[in-house]
Amino acid sequence: MILDPNKQSFSENYKLMIGSIVPRPIALVSTVSSNGLKNLAPFSYFNGVCSYPPTIMFAPGRRGYDGLTKDTLNNIRETEDFTVSIVSEKIGKQMVACATDYPPDVDEFEISGLTPLPSEKVKAPRVAESKVSFECKLNQIVEIGDDSPGAGFLVIGTIVIFHIDDDVYRDGKIDIKTLKPLGRLAGNSYTRISEIFDIVRKVRPD
């Protein structure tokens, strides 16, 4: 089957993408508005960019029903910082509670029951229940598309502090079996890591 995305709606393209780009890591992004209102929201269009300087990206799309930008993006534009907390199995339901489009004056920390902790170098708090969190300074925002529903933005941030629980830190690495991160699938579906196997690669050819 060959499908032309220009002949489909954004929602049809979206379904194909979220059903095939799987599993996706989840960034639970915390921000603060210029007047001090906290916001917490999950994003699964999320990944690393490079490690020197340590840089991550996530992509907050325009809202599908009206094309407006999300509170997370608006806050980052105002304050130029944010935190990313990695979502483990234990906080999966609380994370989903933050995914609703609440008005800007609603604190998703209170809605979800998650605990805000002060950060070291940024204004936005981090999630106490998360085993791994990053404090990030904004590098740049790249706009993709126009102001239509389904268009979006690429937010690139530089990690200025790592917060890692001792129980997931092993010899300079993250113990993924202890971290137990959730992966995002399509619709309301998620996945957990149930089996790990190695495939050895050569850094350079013989």
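Read-outs throughout are calculated quantities, based only on the coordinates presented, and are distinct from any laboratory measurement. Because the structure is predicted, anything quoted here is derived from the model rather than measured. Neighbour counts run over all protein chains shown; Cβ positions are idealised from the backbone, glycine included.
In what sequence do E195, E108, E89, E129 fall when counting other Cβ within 10 Å, fewest first?
Ranking E195, E108, E89, E129 by Cβ neighbours within 10 Å, fewest first, gives E195, E89, E129, E108.
Percent relative contact order of the chain, based on C-alpha pairs within less than 8 angstrom and at least six residues apart?
Working: 413 pairs, mean separation 49.0, N = 206.
Computed over the chain, the figure is 24 percent.
Counting other beta carbons within 10 Å of each residue's own, what order do M95, M1 fall into, fewest first? Don't jump to the answer; show the numbers that get you there.
Working: M95 25, M1 2.
The fewest-first ordering by Cβ neighbours comes to M1, M95.
Can you run phi through the Karplus equation (6.51, -1.76, 1.60; θ = phi - 60°) for segment 172-189 and list ³J(HN,Hα) in whole Hz, with x for Gly and Pro?
x, 10, 8, 7, 5, 5, 8, 5, 6, x, 8, x, 8, 10, 8, x, 9, 9
Order of V49, V203, V127, V122 from fewest to most other C-beta atoms within 10 Å?
Going from sparsest to densest Cβ surroundings: V203, V49, V122, V127.
Return the sequence-ordered ³J(HN,Hα) values of segment 105-111 in whole Hz as given by the Karplus equation 6.51 cos²θ - 1.76 cosθ + 1.60 applied to θ = phi - 60°, using x for Gly and Pro.
8, 8, 8, 5, 4, 5, 4
Using Cα springs under 10 Å in a Gaussian network model of the chain, which residue among E78, E12, E110 shows the largest mean-square fluctuation?
Per the Cα network of the chain with a 10 Å cutoff, E12 tops the list.
Looking at segment 115-206, which trypsin sites (Lys or Arg not before Pro) are in a loop (DSSP not H, G, I, E or B) and have at most 15 other Cβ atoms within 10 Å? List each step's numbers first, then the result.
On the way: sites: K121, K123, R126, K131, K137, R170, K173, K177, R184, R192, R201, K202; in loops: K121, K123, K131, R201, K202.
Sites meeting the loop and neighbour criteria: K121, R201, K202.
Among all the aspartates and glutamates, which ones have a C-alpha under 20 Å from K177's C-alpha, if same-chain residues fewer than 8 places away are not counted?
Cross-link targets: E89, E129, D165, D166, D167, E195, D198.
Return the subset of K70/K137; K173/K202; K38/K93; K15/K38; K137/K202; K70/K93 for which the Cα-Cα distance in this structure is over 28 Å, preserving the input order.
In this structure, K15/K38; K137/K202 exceed 28 Å between Cα atoms.
Enumerate the amide H contacts of D175 below 5 Å, restricted to partners 5 or more residues apart or on another chain; note that Pro and chain-start residues carry no placed amide H.
Here the answer is Y169, R170, since their amide H atoms fall under 5 Å of that of D175.
Of Y52, Y14, Y190, which has the largest mean-square fluctuation in a 10 Å C-alpha GNM of the chain?
Highest fluctuation of the listed residues: Y52.
Enumerate the amide H contacts of Y190 below 5 Å, restricted to partners 5 or more residues apart or on another chain; note that Pro and chain-start residues carry no placed amide H.
L185
Computed from the coordinates I sent, percent of Cα pairs over 21 Å apart equals one of (1) 56; (2) 62; (3) 51. Tell me the label.
Identified label for the calculated read-out: (1).
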